[in-house]
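Everything on this sheet refers to the single structure shown next.
The values are calculated or read from the model by the stated rules, or taken from the named source; none is laboratory data. What you see is a predicted model; the values in this text were computed from it and never measured. Methodologically, a virtual Cβ is constructed for each residue, glycine included, from the backbone with ideal geometry; neighbour enumeration extends over all protein chains shown. Note: accessible area is taken over every heavy atom of the protein model, side chains too, but ligands, DNA and RNA are not part of it. Shrake-Rupley method; radii C 1.70, N 1.55, O 1.52, S 1.80 Å.
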Amino acid sequence: MEGPQVAFLVLLLALTGYLGNRLWAAINGPSYRERILRLASADQQLTNHTAEFARPEILQVSDGLYMAIGYALANSIMIEGKDEIVIVDVTESYETGLAIMSAFRNITKKPVAAIVYTHNHADHTYGAKAFIENDQNPPDIWAHESTNREFIRTFTANAAGYRRAMRQFGVFLPNSVNSGIGKMLKYGDGKATIGLVFPNKFVNQKVTNLTLAGIEMSIVHIPGETDDQIGVWLPKQEAFLCADDVYKAFPNLYAIRGTPDRNLLQWVESIDTIIEYSPQHLVPSHTRPVEGKSKIQDILTAYRDAIQYIHDQTVRYINQGMDVIDIAKKVVLPESLRTHPYLQEFYGTTEWSVKTVFTSYLGWFNGDAVDLSPLSKTERADRMIKLVGVSKLLEQAREALRAKDFQWALELSSYVLIMNPGHREATEIKLDCLTSLGSRQKSANGRNYYLTSAFELAGLVDSSISLKKNRENGIKILPIDFIFKALQVRFKPEDCGQVTTSVYFVFQDSNTHISLIIRNGIAIVKHGECLHCDLVVTTTETVFKDMIGSRIKAITAYGSGEIEIQGGAMNFRNIMSCFERNK
């Protein structure tokens, strides 16, 4: 065959392959989507639960006390004083905050004297800017003294937490039923803006008595879902704003988006504290308010008893030497608690709660020597395929799927896909398993996580774009301390493990001095002047944040004089290349 003919044949084959792949993708995409949606039914009780927060509305709880519900995942609460107002929790984005503030302004035009963050979670803090109407005279923002430390922890592991949160809350699902404690998390979809403002007033006592906007209140430390959680007691209205200690769903004693272990007995003690106040009105930061002392006492008692039951029975079986998986299957609430309307598993589940109790006492190791140094998923998949072969694994997966043994079929198909990414039949089996398991979940968290995982497997969901946008927006508002703490966990020892050096940063706009010391494969951040650092970098926080977020800005900053470097620009560039950049 002549050279031109060979070239033509190669080109034809390449073009055919390209068009074939495009056609295959065009067929696969919609078919996968339809395949998921066809199986993605929803638990009827979970669907009915949507009525709890189905539409945006302002509820008057008592004189001068209003709740905005249905606008976002969390509620925002307005307390009206004689001449000013106090806002408790501000929802998850600037946009949802604006909608709520506009609705509050239909009730009163009084200025905002103070904002209270009940805890650090995004759905309670990221909408703050919408409630600050005068930048020259902003309201004080109150929080627990540990809240900023919690913000640092969250931003340090933001990429992993973000992706898992998007799954848990079903942000990218086309048919999300609800999020268990609210209609939907309106954040992370690329349309929401971070409006976080960091608190400037802090409480550190069990009870702090304050007068804000002429309103007498007590800020009460009630750790539960988070250690920094605070509630608000309003003696005039006999109302307790209980944050996330109680809502109309089984509590998230562990969040599958990824959180530190939550101390169940501490949570129980916090509910006991609320019980002691004997409120006439219970005002949660999720789901609707409750009125009536007797009704509230019943709810609080059942809630705290359910949490204690899970703790006590889990520890009981731990002491019998049982495995965590077996305990999670064995612990079931008594019927009186299991059927209580405030303990339906629309959000957390007893199974996940048992596991967090186990790890809080014994950590990751279950006590069986087999699990001291287990094979990785890839190693296990490789050995399974060598043991029985792909055909046998798929045969067993098909049989399990037909028998509705979805978990086993899911595991078998996953083995195939680990070693053979994109395998069509394994993908279809895994999609059907994820969707079927998701459809059987009463928990919105479980349903959303399974279904989002299915959409990701099908290539129909990609959170990386919105993650990049939200990270870039976040960098602009983060204190410089947070950014340097995040740098520590972005250091690449595989590239720079032999580097020993130090950089002294002087930020002129804030008069902040930070040293970055690199040695033994780690990066260490210290505050204060450095007399013997190898490099000195003088710039502003604004320019440095732009550099972190943009490679182009990092190059142009040198030429424009926005950054001065003593010790060599090339040396500084090499040092900064030791840190992972945003993707």
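A few points about this structure:
- When each of LYS469/LYS492; LYS82/LYS293; LYS329/LYS355 is checked by Cα-Cα distance, pairs over 18 Å: LYS469/LYS492; LYS82/LYS293
- Long-range HN-HN contacts of THR118 with modeled amide H, under 5 Å: ASP89
- For segment 256-269, putting each phi into the Karplus relation 6.51 cos²θ - 1.76 cosθ + 1.60 with θ = phi - 60° gives couplings of 5, 5, x, 9, x, 4, 9, 7, 5, 5, 5, 4, 4, 4 Hz, in residue order, rounded to whole numbers and with x for Gly and Pro.
- For segment 400-408, the Karplus equation 6.51 cos²θ - 1.76 cosθ + 1.60, evaluated at θ = phi - 60°, returns couplings of 4, 5, 4, 7, 6, 8, 5, 5, 5 Hz by residue, with Gly and Pro reported as x.
- Two-site FRET efficiency, ILE152 against ARG38, from Cβ-Cβ distance with R₀ of 41 Å, rounded to 0.05: 0.40
- Applying the Kirkwood pairwise sum to the alpha-carbon positions of the chain produces a hydrodynamic radius of 26.8 angstrom.
- Accessible surface of the chain, 1.4 Å probe: 51 percent of it comes from carbon and sulfur atoms.
- Stretch gain in nm, segment GLU425-LYS295, where the contour uses 0.36 nm per residue and the Cα spacing is subtracted: 41.5 nm
- Spatial separation of Cα centroids for segment 402-442 and segment 268-306, in angstrom: 42 Å
- Taking 0.36 nm per residue of sequence separation and removing the Cα-Cα distance, the THR108/ASN319 pair yields an extension gain of 70.2 nm.
- Counting only DSSP H runs of at least 4 residues, each contributing -39500 (n - 2.57), and dividing by the residue count of the chain, the helix-based mean residue ellipticity at 222 nm comes to -14500 deg cm²/dmol.
- Built amide H within the under 5 Å cut-off of PHE505, gap 5+: ILE514, SER515, LEU516, VAL537
- Partnerless cysteines in the chain, where a partner means another cysteine C-beta under 4.7 angstrom, comprise CYS242, CYS433.
- Accessible surface ranking for ARG424, ARG490, 1.4 angstrom probe, highest first: ARG424, ARG490.
- Note that segment 444-454 has calculated 3J(HN,Hα) couplings of 4, 4, x, 4, 4, 5, 4, 5, 5, 4, 5 Hz, one per residue in order, obtained from phi through the Karplus relation 6.51 cos²θ - 1.76 cosθ + 1.60 (θ = phi - 60°); glycine and proline are x.
- Accessible solvent surface per residue of the chain, calculated while the other protein chains remain in place, 1.4 angstrom probe, Å²: 46 Å²
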